[in-house]
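Here is the structure we will look at.
The values are calculated or read from the model by the stated rules, or taken from the named source; none is laboratory data. Just so you know, these numbers come straight off a predicted model, no measurement behind them. Don't worry about glycine lacking a Cβ; one is built from the backbone with ideal geometry, like all the others, and counts go over all protein chains shown.
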Amino acid sequence: MWGECSYVIRGKNRRRVFLVLESPKTPTQLSDELKIHLSHISRALGELEVKKLVTCLTPSEKVGRIYRLTEKGRKVLKLVKGLEAERSQE
């Protein structure tokens, strides 16, 4: 689990996308919310999907795919948030 946690925090866009996926969202919603170009969002989602931290709920759709955290992703999210909380206290 710590390896995945480290993987998420190493990428600035990966970390930002991962942290806001507590509720299911489309790449466009993520792009609008985070002010990150859609291509960077798509790359981050693909990387997180390979690690089985996020999943696409509508894989057959070409446009408007919806992504959410997996069970493994939720566990890693708790670790990442814990690390960020410790870092902010320093």
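Number of residues in the stretch 25-47 that are out of contact with any helix residue (DSSP H, G or I) (no Cβ under 7 Å at 6 or more places or on another chain), surrounded by 15 or more Cβ atoms within 10 Å (Cβ to Cβ) and not in a helix (DSSP H, G or I) equals 2.
Of all residues in the stretch 48-77, those being under 16 Å from S6 (Cα atoms) and surrounded by 11 or more Cβ atoms within 10 Å (Cβ to Cβ) number 12.
Taken together, the residues in the stretch 12-56 that are of a type in the set (S, T, Y), within 17 Å of L77 (Cα to Cα) and without any contact (Cβ under 8 Å) to a residue 24 or more places away in the chain amount to 1.
Residues that are at pLDDT 95 or above and either at positive phi or β-branched (V, I, T) (or both) within the stretch 9-57 comprise V17, V20, T26, T28, K35, I36, I41, V50, K52, V54, T55, listed in sequence order. The set of residues in the stretch 10-24 that are buried (at least 18 other Cβ atoms within 10 Å of the Cβ) and among the hydrophobic types (A, V, I, L, M, F, W, C) comprises V17, F18, L21.
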